[in-house]
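Engineer: Dumping the structure here so I can ask a few things about it.
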Amino acid sequence: MGYLNSVLTSSSNKIDVDDAPVSGGGLSQDGKFSYGYASCPGKRSSMEDFYETRIDGIDGEVIGLFGVFDGHGGARAAEYVKQNLFSNLIKHPNFISDTKSAIADAYSHTDSEFLKSENSQNKDAGSTASTAILVGDRLLVANVGDSRAVICRGGHAIAVSRDHKPDQKDERQRIEEAGGFVMWAGTWRVGGVLAVSRAFGDRLLKQYVVADPEIKEERVDSSLEFLILASDGLWDVVTNEEAVSMVKPIKEPEEGAKRLMQEAYERGSSDNITIVIVRFLANDLSSSSSSSSQDASSTAALSGQ
């Protein structure tokens, strides 16, 4: 399970060690991106958040796969999506040639297979999925539910997903056209039950709560600094702009993720908190190569004196 990899140290003014927060990270083989994650139950007694950070090679291309999965009604759906979504995706025959359609198919197939596995369950379970797939200089973000993806480009925070809430005009219309309804019960809910309008699972509401991802593509270039994927345990208490400004000066993605997790906890987030950060190293590579060339020029100038 994604949240059982390692334990963070804690002190009296930090997250309680009993909450078993975890963190970790890594670097791609080609040195083009680094990643880090941090996750904790927060103030909840149970953990329904999962995450995935995975690097694969396909046809000589380094592929990065990152996801945050926030479960509801238990952990079953989130754990299933974590374990199966990316495997289904990279096995898709059109993964490289038509990545967007492969993502949509993988989301649909994973949802269908999970629902089949749920036949013996009498309690509904569901999960969000906010994922980022790196293929060459393409970043594809696919989202279902209210976990969120935010990038920092040119120093600015830009949301690259939208939260799927039942009161959004187009989501409400889709639900009502399918024969469902949206009503207020503490917040807007599908059928008075579910506070997200798209999710994996949720068998009893499946006619209205679809797992169709919205997909956005971004170009990976020198202006793209980093990506934050996080469950609503962060976004309920921290704005996109605040998150980006906190992460910006922290070069290590794991440390940035831990910083956001701690901030969300201290601001009173009542939910599980999970964050994945991917930092794109084009700027670092270009600055290090320019500094190397400057060093070489300086050396040549000195030797020529």
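The values are calculated or read from the model by the stated rules, or taken from the named source; none is laboratory data. If you're wondering where the values come from, they're calculated on a predicted model, not measured in any experiment. Every residue, glycine among them, receives a Cβ derived from its backbone with ideal geometry; neighbour counts consider all protein chains shown. Calculation scope for accessible area: heavy atoms of the full protein, side chains included, ligands and nucleic acids excluded. Shrake-Rupley method; radii C 1.70, N 1.55, O 1.52, S 1.80 Å.
Engineer: Would you please put 153-161, 259-267 in order of how densely packed they are, using the mean number of other Cβ atoms within 10 angstrom per residue and starting with the highest?
Structural biologist: Going by the mean number of other Cβ atoms within 10 Å, highest first, we get 259-267, 153-161.
Engineer: Now for a different question. In Å, what is the Rg of the alpha-carbon atoms in segment 163-257, and how long is Dmax?
Structural biologist: Cα radius of gyration and Dmax of segment 163-257 are 17.1, 49 Å respectively.
Engineer: Taking the inverse of the average 1/r across all pairs of different Cα atoms in segment 64-106, what Kirkwood radius in Å do you get?
Structural biologist: In segment 64-106 this quantity evaluates to 11.2 Å.
Engineer: Order the peptides 177-188, 87-98 from the highest to the lowest mean number of other Cβ atoms within 10 Å of their residues.
Structural biologist: My ranking of the peptides, most packed first, is 87-98, 177-188.
Engineer: Would you kindly calculate the mean projected area, averaged across all directions, of the convex hull enclosing the Cα atoms of the chain, in square nanometres?
Structural biologist: Result: a mean projected hull area of 18.8 nm².
Engineer: Could you check the spin-label model distance between Asp236 and Glu266? Points 7 Å from the Cα along Cα→Cβ, value in nm.
Structural biologist: Reported label-point gap for Asp236 and Glu266 is 2.0 nm.
Engineer: Ok, one more. Please calculate how many Å² of accessible area the chain carries per residue, with a 1.4 Å probe and no DNA, RNA or ligand atoms counted.
Structural biologist: Working: 13340 Å² over 305 residues.
Per-residue value: 44 Å².
Engineer: Calculated FRET efficiency, Glu214 and Ser45, Cβ-Cβ r, R0 41 Å, to nearest 0.05?
Structural biologist: E between Glu214 and Ser45, to the nearest 0.05, is 0.80.
Engineer: What length, rounded to one decimal in nm, is gained on full extension from Ser117 through to Lys248, with 0.36 nm per residue of separation minus their alpha-carbon distance? Mind showing how you got there, number by number?
Structural biologist: On the way: separation 131, 0.36 × 131 = 47.16 nm, distance 4.19 nm.
So the chain would gain 43.0 nm between Ser117 and Lys248.
Engineer: While we're looking at this one, here's another question. For the pairs Lys206/Lys248; Lys123/Lys258; Lys100/Lys248, note any where the Cα-Cα span goes beyond 31 Å. Display every interim value, and only then the final one.
Structural biologist: Working: Lys206/Lys248 39 Å; Lys123/Lys258 33 Å; Lys100/Lys248 29 Å.
Checking Cα-Cα distances, Lys206/Lys248; Lys123/Lys258 exceed 31 Å.
Engineer: I've got another one for you. How large is the translational diffusion coefficient of segment 94-149 in µm² per second when you combine the Kirkwood radius over alpha carbon pairs with Stokes-Einstein at 25 °C and 0.890 mPa s?
Structural biologist: Rounded to a whole number, D works out at 190 µm²/s.
Engineer: What is the P(r) of segment 36-139, as percent of Cα-Cα pairs per 10 Å bin from 0?
Structural biologist: The percentages, shortest bin first, are 14, 44, 29, 11, 1.
Engineer: Tell me the carbon and sulfur percent of the accessible area for segment 84-243, rounded to whole percent, probe radius 1.4 Å.
Structural biologist: About 49 percent, which is the carbon plus sulfur part of the accessible surface.
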